[in-house]
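First the structure, in the form of structure tokens, and then the observations on it.
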Amino acid sequence: MRFDILTLFPDFFPPFLEEGVLGRAVKKGILNVRLTDIRSFADGRHKVTDDRPYGGGNGMVMKPGPIYQALKSIERTGDDVITILLTPQGRKFNQAVAWDLAEKSHIILICGRYEGVDERIISGHVDLELSIGDYVLSGGETAAMVVVDAVGRLVPGVLGGEKSNTEDSFEDGLLEHPHFTRPRNFMGQDVPEILLSGDHERIRIWRRKESLKRTLEKRPDLLKDRDLGEEDRRLLKEIEKLAEKG
Ligand code: ADE
């Protein structure tokens, strides 16, 4: 999969693209991430990329010209290309959106700065506005990293045999069960006995129940309006009964 990131701060990205799972995928060529410095498409000696807003007001607006020229310089790869602007006004990014984007052949990410980008870029050249949450960042760069990470790891071959992403939190709409590794006792706390039993079916059910319990405790919103299977409904009843007992 190919990503193009249009930014005023290309230097933010290399360390992020060189380490860990993503770093490996980039080295192997499974992910091809290119950085484009919007400033290099600005005119004049000072390469100005922002200007005061028409109508007055605080803050500066990113000029449309340099972003447009930067977009034009990008050769489109494959038949499923999407241009995304990272902005707090966008659609909320989540795992389902990440899966949709993982189907694309080429994702172009525009990182906004200042008060925003000129509206004519959004109306004429952006397919999707995306927000990573209801808070304001100083720019779209960190949001672009979030998108590259969450989408990139869904691309076949990126995780290798290391971990199946189908077991992750959110993949089936629930939070993941707790994890334990050695030592068996850590600072007086034992690993739950059942995980040492070797009984795979009982472990599966225990994990499912823990997963439901966590979701109920920490993110009850994820269980709302959700069709649960028979086993999940039974486990939830058990959890509720235990909670009543206190
Ligand atoms: N730029 C500034 N804040 C943002 C957010 N929350 N999501 C995406 N891009 C942003």
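Side notes on the structure shown:
- Residues of region 124-154 with amide N under 18 Å of the 7 Å Cα→Cβ point at residue 21: 143-154
- Measuring between their Cα centroids, region 142-184 and region 67-120 lie 23 Å from each other.
- Taking the Cα centre of region 2-152 as reference, the dipole from Cβ charges on Lys and Arg (+1) and Asp and Glu (-1) amounts to some 300 debye.
- Shape call, region 74-155: gyration tensor on alpha carbons, a/c limit 1.5: oblate
- Projected label points at residue 79 and residue 205, each 7 Å from Cα along the beta carbon direction, are separated by 4.9 nanometres.
- Modelled FRET efficiency - R0 30 Å, residue 134 with residue 243, Cβ distances, 0.05 increments: 0.50
- Candidates 142, 83, 166, ranked by Gaussian network fluctuation over the chain, Cα under 10 Å, top entry: 166
- The accessible area of residue 129, taken with all protein chains in place and a 1.4 Å probe, comes to roughly 60 Å².
- Dipole of region 185-245 [Lys/Arg +1, Asp/Glu -1 at C-beta], most positive-end residue of 188, 212, 200: 212
- Shape of region 2-152, Cα gyration tensor, a/c cut at 1.5: prolate
- Farthest towards the positive end of the charge dipole of the chain, among the residues 22, 121, 78, is the Cα of 22, using unit charges on the Cβ of Lys, Arg, Asp and Glu.
- Folded to 0 to 90 degrees: helix 230-245 orientation relative to the chain principal axis, Cα: 70
- Global geometry of region 150-225, whether rounded, prolate or oblate, following the gyration tensor of its Cα atoms and the 1.5 cut on a/c: oblate
- Accessible surface, the chain, averaged per residue in Å² (probe 1.4 Å): 61
- Net length available on complete extension from residue 103 to residue 168 is 21.5 nm, with 0.36 nm assigned per residue and the Cα-Cα distance removed.
- Neighbour net charge for residue 77 - beta-carbon separation under 11 angstrom, K R +1, D E -1: 0
- With each label modelled as a point 7 angstrom along the Cα→C-beta vector, the residue 227-residue 197 pair spans 3.1 nm.
- Comparing 159, 140, 173 along the charge dipole axis of region 115-190, the residue lying farthest to the positive side is 159, per the Cβ-charge model.
- Neighbours of residue 91, meaning other residues whose beta-carbon lies under 13 angstrom from its beta-carbon, give a summed charge of -3 when Lys and Arg score +1 and Asp and Glu score -1.
- Computed from phi, the 3J(HN,Hα) profile of region 213-219 under the Karplus parametrisation 6.51, -1.76, 1.60 (θ = phi - 60°) reads 4, 4, 5, 4, 6, 9, 9 Hz, with x in place of Gly and Pro.
- Student exercise, region 69-108 dipole from Lys, Arg, Asp, Glu Cβ charges, in Debye to nearest 20: 220
The values are calculated or read from the model by the stated rules, or taken from the named source; none is laboratory data. Predicted, not measured: the structure shown is a model, and the values here were computed from it. FYI the Cβ positions are ideal-geometry reconstructions off the backbone, even for glycines, and counts take in every protein chain you see. When the accessible area is computed, the model is the full protein with side chains, heavy atoms only, and any ligands, DNA or RNA have been set aside. Shrake-Rupley method; radii C 1.70, N 1.55, O 1.52, S 1.80 Å.
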